[in-house]
Amino acid sequence: MPERCPECDTPVVKNEDDAMHRCPNPSCPAQFFELLKHFVSKGAADIDGLGERWCGILIDQGMVSDVADLYRQEKDRLLKLERMGDKLATRIIDNIEASKNRPLARMLFALGITHVGSEVADLLSQNYLGVTELSNTTEEDLTEIEGIGPKIAESILAWFRAPANRRVIEKLRSSGVRMEQDTLPTTVVAASGAAPFAGMTFVVTGTLSAFSRSEAEGRIKGLGGKVTSSVTKKTSYVVVGESPGSKVANAEKLGTPILDEEGFLHLLESPDSVLTAEQQGTLV
Ligand SMILES: [Zn+2]
């Protein structure tokens with residue numbers, strides 16, 4: 001083990017929890033490379049196409065100095081990089097754009113807060129509306145959540161206290177990266193054992209305004225429902241957003257109940273009441 005960081009020469013510290021030696025310098029290029037790779041990875045912001053090699057190149061070229069700089073990338077500039085083709089540049093830019101709307105839990109995970117793995121990020125997203133609320137929370141509030149102890153809480157509080165991190169959050173926000181959710185996910189209900197959508201199959205089509213497609217599907221699954229891609233006789237509901245596809249016509253042909261976004265939200269909030277209504281044949 002080197003005593004000093006090979007990249008920035010700062011003396012390394014040993015982290016008791018993971019038995020790893022780490023460079024404590026937050027602006028160390030080696031540290032930032034690790035963070036950037038983590039940020040773009042699949043369970044995080046999921047910026048497919050921007051692999052390890054390109055992360056390194058963007059840093060070396062001075063094109064990114066924090067994760068929020070990803071959202072300032074332009075295709076023309078990417079194309080000037082050696083061995084960058086039009087197809088890949090387009091893919092990277094498209095995926096950067098798409099990553100602005102990842103579920104909150106994934107963005108919290110992406111930030112690379114020590115001790116905030118995907119499970120803790122999930123817990124946070126089930127209890128906080130977003131980074132605004134989270135940045136004003138207290139240790140008392142955090143440790144009320146089952147699964148979050150003082151060590152994790154302190155790490156989260158310290159992360160949000162650091163001015164550099166606050167600046168990154170501000171930059172992400174002003175670039176249009178979604179860091180807040182309108183309501184707490186109803187998966188909390190499922191976690192407590194209730195699965196009101198058990199035995200029901202949903203198809204989601206079109207664009208919803210309150211959630212991304214995968215978030216909507218996550219809510220359904222969280223309540224015990226199944227999501228499929230095509231409408232069949234077994235489909236319980238078709239959830240329809242803006243500019244839906246031909247699935248609506250199929251649903252109409254088969255007589256499948258159709259829910260608009262408002263109806264869907266209502267169903268999520270009070271699944272039992274709507275189920276009763278549906279059983280009586282009076283749909284919301
Ligand atoms: Zn270093």
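The values are calculated or read from the model by the stated rules, or taken from the named source; none is laboratory data. From a predicted model like this one, the values you see are computed outputs, not experimental measurements. We place every Cβ from the backbone using ideal geometry, glycine too, and count neighbours over all the protein chains shown. Please note that ligands, DNA and RNA were not included when accessible areas were found on the heavy atoms of the full protein model with its side chains. Shrake-Rupley method; radii C 1.70, N 1.55, O 1.52, S 1.80 Å.
Checking every residue in segment 111-118 against the condition of being assigned by TED's automatic domain parsing to the domain that holds Phe160, closer than 25 Å to Glu170 by Cβ and in contact with a Lys or Arg (Cβ under 9 Å, 6 or more places away or on another chain) gives at least one match.
Each residue in segment 239-261 was checked for being under 18 Å from Ser212 (Cβ atoms) and either touching a residue at least 40 places away in the same chain (Cβ under 8 Å) or not in a loop (DSSP other than H, G, I, E, B) (or both), and 8 pass. Of the residues making up segment 126-145, those that are open to solvent by 10 Å² or more (accessible area, probe 1.4 Å) and assigned to a helix (DSSP H, G or I) are Gln126, Asn127, Thr132, Glu133, Ser135, Glu139, Glu140, Asp141, Thr143. Of the helices (runs of 4 or more DSSP H) lying entirely inside segment 1-106, those carrying at least 2 residues that are surrounded by fewer than 17 Cβ atoms within 10 Å (Cβ to Cβ) and within 14 Å of the ligand (Cβ to nearest atom) are 29-40. Scanning segment 149-182 for residues that are touching a residue at least 60 places away in the same chain (Cβ under 8 Å) and within 30 Å of Ser270 (Cβ to Cβ), we see that the one that is surrounded by the most Cβ atoms within 10 Å (Cβ to Cβ) is Met179. Where residues in segment 107-124 are in a helix (DSSP H, G or I) and of a type in the set (Gly, Ala, Ser), which of them is modelled with the lowest pLDDT? The residue in question is Ser118.
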